[in-house]
Amino acid sequence: MRYALVILLSVACSSVFGQVHLDLKKCREMALESSKKMAIAVKQEEKAEADNRSKSEFLSRMSHEIRTPLNAIVGFSSLLTSAEISPEEREEYSAIISTNSELMLTLINDILDISRLETGKIHFAYEDIDIPSLCQQVIMTTTHNRREGVECVFESSYETYTLRTDVQRLSQVLINLLTNANKFTEQGRITLSFEVLEK
């Protein structure tokens, strides 16, 4: 009887210890899973914070960029009302206002495009355009930003070249490239050119 009782007790104890061992294993698995989820949540939060910082920096830069053409538009518009300016000056001021209006429109379109990219609603309008003509227009559009002593030219071995693309998007890219080139060129020459890769 005593042996039977000892055997029953040892079986019961091993059963309890086995259960405790299983529970500990399950706890470890749950803790590991929780740690993984926590790490993912932390990474997502860090990414969201980085995205928010990037957006804030972008908006801060854009507001500064918009002020430049806006000041030119307001300033030269007020000069146009003066009776003391010559017809030549009036024409020059009108051209400056027109150029800065186009630049401001481009900046606003850039901001709207970023918003559309985030929501996946950006679309492209393809048409046939002449690349040399577009490049020359872009150079004219960025004339007002040019530093003194910096020359900006368009060079191409093609008098005409037709490309099917989104003219607004390509213009934005070229304007941004020339604007950045001007920011970092204190003297000398900025050359806009293109090559055709037939493939």
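The values are calculated or read from the model by the stated rules, or taken from the named source; none is laboratory data. Computed from a predicted structure; not experimentally measured. Ideal geometry is used to build each Cβ from the backbone, glycine not excepted, and the neighbour counts take in all protein chains shown. Heavy atoms of the whole protein, side chains included, go into the accessibility calculation; ligands, DNA and RNA do not. Shrake-Rupley method; radii C 1.70, N 1.55, O 1.52, S 1.80 Å.
What number comes out for accessible area per residue over the chain if the probe is 1.4 Å? Units Å², please.
On a per-residue basis, the chain sits at 75 Å².
Nothing charged except the Cβ atoms of Lys and Arg (+1) and of Asp and Glu (-1): what's the magnitude of the dipole of the stretch 61-143 about its Cα centre? Round to the nearest 20 debye.
420 debye
Counting Lys and Arg as +1 and Asp and Glu as -1, each charge on the Cβ, what is the dipole of the chain about the Cα centre in debye, to the nearest 20?
My answer is approximately 1960 debye.
Over 29 Å between C-alpha atoms is what I'm after, so list which of Lys26/Lys47; Lys55/Lys121; Lys37/Lys121; Lys47/Lys121 land there.
Over 29 Å Cα-Cα: Lys26/Lys47; Lys37/Lys121.
Which GluC sites (Glu not before Pro) in the stretch 75-124 pass both tests, a DSSP loop state and at most 16 other beta-carbon atoms within 10 Å?
Those that pass, being in a loop and sparsely packed, are Glu84.
How large is log10 of I(q)/I(0) for the chain at q = 0.14, 0.18 Å⁻¹ when the intensity is taken from the Debye formula with one equal scatterer per alpha-carbon?
Reported log10 I(q)/I(0), two decimals: -1.02, -1.32.
Of the options Gln44, Gly188, Met62, report the single residue whose Cα projects farthest towards the positive end of the charge dipole of the chain (beta-carbon charges: Lys, Arg +1; Asp, Glu -1).
After comparing all options, I get Gln44.
Would you work out which of Met30, Leu103, Leu80 lies farthest towards the positive end of the dipole of the chain, given +1 charges on the beta-carbon of Lys and Arg and -1 on that of Asp and Glu, about the Cα centre?
With unit charges placed on the Cβ atoms, the residue in question is Met30.
Projected onto the charge dipole of the stretch 55-199 (+1 at Lys/Arg Cβ, -1 at Asp/Glu Cβ, origin at the Cα centre), which of Ile114, Ile131, Tyr161 gives the Cα projection farthest towards the positive end?
Ile114
When Lys and Arg each count +1 and Asp and Glu each count -1, what net charge do the other residues less than 13 Å away from Glu186, Cβ to Cβ, add up to?
Working: positive: Arg146, Arg147, Lys183, Arg189; negative: Glu148, Glu151.
Its environment carries a net charge of +2.
Which net charge results for the neighbourhood of Gln137, defined as the other residues with beta-carbon distances under 13 angstrom from its beta-carbon, given Lys and Arg at +1 and Asp and Glu at -1?
Its environment carries a net charge of -2.
Counting Lys +1, Arg +1, Asp -1, Glu -1, what net charge surrounds Ile111 among other residues with beta carbon under 11 Å of its beta carbon?
0
Over the stretch 70-188, with every protein chain in place, what whole percent of the accessible area is carbon and sulfur at 1.4 Å, could you tell me?
Summing carbon and sulfur atoms, their accessible area is 55 percent of the total for the stretch 70-188.
Taking R0 as 30 Å, what's the FRET efficiency between Ser35 and Phe58 from their Cβ-Cβ distance, rounded to 0.05?
For R0 = 30 Å, the calculated efficiency reads 0.30.
According to the square roots a ≥ b ≥ c of the eigenvalues of the Cα gyration tensor, what is the shape class of the stretch 100-193, taking rounded for a/c under 1.5, prolate for a/b larger than b/c otherwise, and oblate for the remainder?
Oblate.
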